[in-house]
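First the structure, in the form of structure tokens, and then the observations on it.
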Amino acid sequence: MALTLFSRTRTRTRTATEPEPTQEPWPEIGETWKPEGVIVTQRFLGLAGAVVLVYTADAGINGTYYAVACLGCSYRTRSKTDRDNYIASEHAGGEIANAHAAQCRALPRDLPTRPDDDTAREIVRRRVNAERRSDYDSTVYLTAFHLDRLALQRSTEWIEEELQRLADEEPEFLTAKPRTYGTGTEFTILRRPKR
């Protein structure tokens, strides 16, 4: 009986021709996600595994601005505080994302699917309508679309083409003209009509 307790068990050694065992891949939760029109600059991991992104888009005429979004909960921001208009540096975006990740208990969700063109057009229309004022005309800046970039998953060129289409179809709502300085088109949202 003592021999059976202390006998050596033969371990199986792998030969050189056998392939390495492969692990099952982790589900995609945003670690490598690169949607069209979005440049992800930093990723943070929340307490329960949700990924928090710091991202930007093509630099516009006014420079590069950043936004922060959590892929687990509904948190999204393009400003550091209520007084700031935009996140002007990647460092500031990282601070905001890290603070959110440190307290977010959201589980990872499936990545947003790329919407069809009609749905994407409606997202652009809603954003332009949200920027519309009742007392003055306002210029459309592409940074206004930063919060919508993850939902849109479209390039800056596509957004500009859609704004041009909207200006052509509804000139009482949105106008387009060549920029006074530089190149490109300037879009203006006309004020809401008085009732």
(request) Give, to the nearest whole percent, the P(r) tail of the range 64-195 beyond 24 angstrom, counting all Cα pairs. (result) 39
(request) Please give the contour-minus-distance gain from SER74 to THR32: 0.36 nm per residue of separation, less the Cα-Cα distance, rounded to one decimal in nm. (result) 13.1 nm
(message) Sort 114-127, 32-45 by packing, meaning the average of other beta carbons within 10 Å per residue, with the highest value first.
(response) 32-45, 114-127
(message) For the range 99-148, which chymotrypsin sites (Phe, Trp or Tyr not before Pro) pass both filters: DSSP loop (anything but H, G, I, E, B) and at most 13 other C-beta atoms within 10 Å?
(response) TYR136
(request) Take THR188, project a point 7 Å from its Cα along the Cβ direction, then tell me which residues of the range 120-144 have their backbone nitrogen under 16 Å from it. (result) 132-141
(message) What's the ranking of 170-177, 49-56 by average number of surrounding C-beta atoms within 10 Å, highest first?
(response) 49-56, 170-177
(request) Pull out the extension gain between GLU131 and LEU47, defined as 0.36 nm times the separation in residues minus the alpha carbon to alpha carbon distance; nm, one decimal. (result) 26.8 nm
(message) If a paramagnetic tag sat 7 Å from the Cα of LEU111 along the Cα-Cβ line, which residues of the range 127-156 would have the backbone N under 17 Å from that point?
(response) 149-155
(request) Please find the FRET efficiency linking ILE39 to GLU95, where r is the Cβ-Cβ separation and R0 is fixed at 22 Å, and quote it to the nearest 0.05. (result) 0.75
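Could you order the peptides 104-110, 92-98 from most to least packed, using the average number of other C-beta atoms within 10 Å per residue?
Going by the mean number of other Cβ atoms within 10 Å, highest first, we get 92-98, 104-110.
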(request) Would you rank SER89, SER74 by solvent-accessible area, highest first, keeping every protein chain in place and using a 1.4 Å probe? (result) SER74, SER89
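The values are calculated or read from the model by the stated rules, or taken from the named source; none is laboratory data. From a predicted model like this one, the values you see are computed outputs, not experimental measurements. Methodologically, a virtual Cβ is constructed for each residue, glycine included, from the backbone with ideal geometry; neighbour enumeration extends over all protein chains shown. The accessibility values were calculated without ligands, DNA or RNA, using every heavy atom of the protein model including side chains. Shrake-Rupley method; radii C 1.70, N 1.55, O 1.52, S 1.80 Å.
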